[in-house]
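Quick note: the coordinates plus some simple rules give every number you see, no bench work behind them. Being a predicted model, the structure only gives us computed values, none of them experimental. Note: ideal-geometry Cβ built from the backbone for every residue, glycine included; neighbour counts use all protein chains shown.
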Amino acid sequence: MFTSCCPGWVRFLKGQYPELTNQLSTAKSPQQMFGAVAKTWLAKKLDVAPEKICCVSIMPCVAKKAEADLPTMRGESGADVDIVLTTRELVRMMRADHLDPHFIEEEALDSPMGTHTGAGVIFGATGGVMEAALRTAVWKLTGEAADSPVEFKDVRGVEGIKTAEYKVGDLTVKVAVVSGLANAKKFLTKVKNGEVECHFIEIMACPGGCVNGGGQVIQPADVRNFTDIRAERAKALYSLDDANKLRKSHESPDVKEVYENFLGEPGSHIAHEILHTSYKASHLSK
């Protein structure tokens, strides 16, 4: 199974390797899941018409704009996500209004949906989605809620292609993490030729993952030529993860509340209807 949270990668697969489209996870990306939940459960909880909720995403990715416009990313009340801004656009807006973040006081996030886990934070680095999935998968398979591992360092790092094997109970789980579409092409060729065997493969279009997305603030040459910005940004995410008391996705109290009071359980009919989608091979495929 391939991850499906990177719209650039999803579009690449559908166009270049249409025969593998059915291997994509049906799960929507975090951006689209949040929007879908906001327009359903949150609207119901706040007793507000879904049409009156405007969901704005701030992303390091320009492909997220196209993803939000896909007809498969809509609910009964319209688009899951109404507006997508890149981080670079947000900075330009702040500068235009002479806003200096150093002088903006922090305040608590709203609840519901204000609690985050370390697993959610590391999604932005290549290997982060895989590690977050492994944390919950190991807990689910072994039942070791307190002692199940939270760090899978073999899938970390900015290398373009990484593979690892983990023993989980009686299973040997084979995984791979790929970033950059040139590396994706190399790896998919090996997959098709039977040269590698994996159960779960994370692929991100941008080298290094979302931290190096096309919508990020552009650093001057005297910085990017001498500093691996991908590694530094990933390091910051992992430090935030390490400092978080909640490091597994399923531990989020907000996520638990959504399932207990609305979705029922993972894989339920309503969960599939709101959190999942379908993918079809591109008609432009060769």
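Structural remarks
- Relative contact order (%) - criterion: Cα under 8 Å, at least six apart; region: region 1-85: 29
- Cα gyration tensor category, rounded, prolate or oblate, for the chain with a/c compared to 1.5: rounded
- Net length gained if the chain between ASP170 and GLU232 were fully extended (0.36 nm per residue, minus Cα distance): 18.6 nm
- Length-normalised contact order of the chain in % [C-alpha pairs under 8 Å, at least 6 apart]: 28
- Dipole of the chain computed with +1 at Lys/Arg Cβ and -1 at Asp/Glu Cβ about the Cα centre; of ALA164, TRP139, TYR259, farthest Cα towards the positive end is ALA164.
- Hz values of 3J(HN,Hα) by residue in region 221-226 - Karplus curve (6.51, -1.76, 1.60), Gly and Pro given as x: 4, 5, 9, 5, 7, 10
- Shape category assigned to region 1-118 from the gyration tensor of Cα positions, a/c cut at 1.5: oblate
- Extension gain, MET1-HIS269: 0.36 nm per intervening residue step, less the Cα-Cα distance, totals 94.4 nm.
- Its relative contact order, with pairs defined as Cα atoms under 8 Å and 6+ residues apart, puts region 57-181 at 15 percent.
- Between the alpha-carbon centres of region 212-238 and region 8-31 there is a gap of 26 Å.
- Within region 93-207: Cβ-based charge dipole about Cα centre, in debye rounded to nearest 20 (Lys, Arg +1; Asp, Glu -1): 820
- With each label modelled as a point 7 angstrom along the Cα→C-beta vector, the ILE104-GLU151 pair spans 3.2 nm.
- Amide H contacts under 5 Å for MET59: LEU85, THR86, THR87, restricted to partners 5 or more places along the chain or on a different chain, H placed in the peptide plane at 1.01 Å from N.
- Taking each residue as 0.36 nm, the span from SER282 to ASP97 lengthens on full extension beyond its C-alpha to C-alpha distance by 62.4 nm.
- Under the shape rule built on the C-alpha gyration tensor, where the axes satisfy a ≥ b ≥ c, region 219-286 is oblate, since a/c reaches at least 1.5 while a/b does not exceed b/c.
- When each full DSSP H helix of the chain is screened for a Cα extent of at least 20 Å along its own axis and an average Kyte-Doolittle hydropathy of at least -0.5, the helices passing are 128-142, 229-243.
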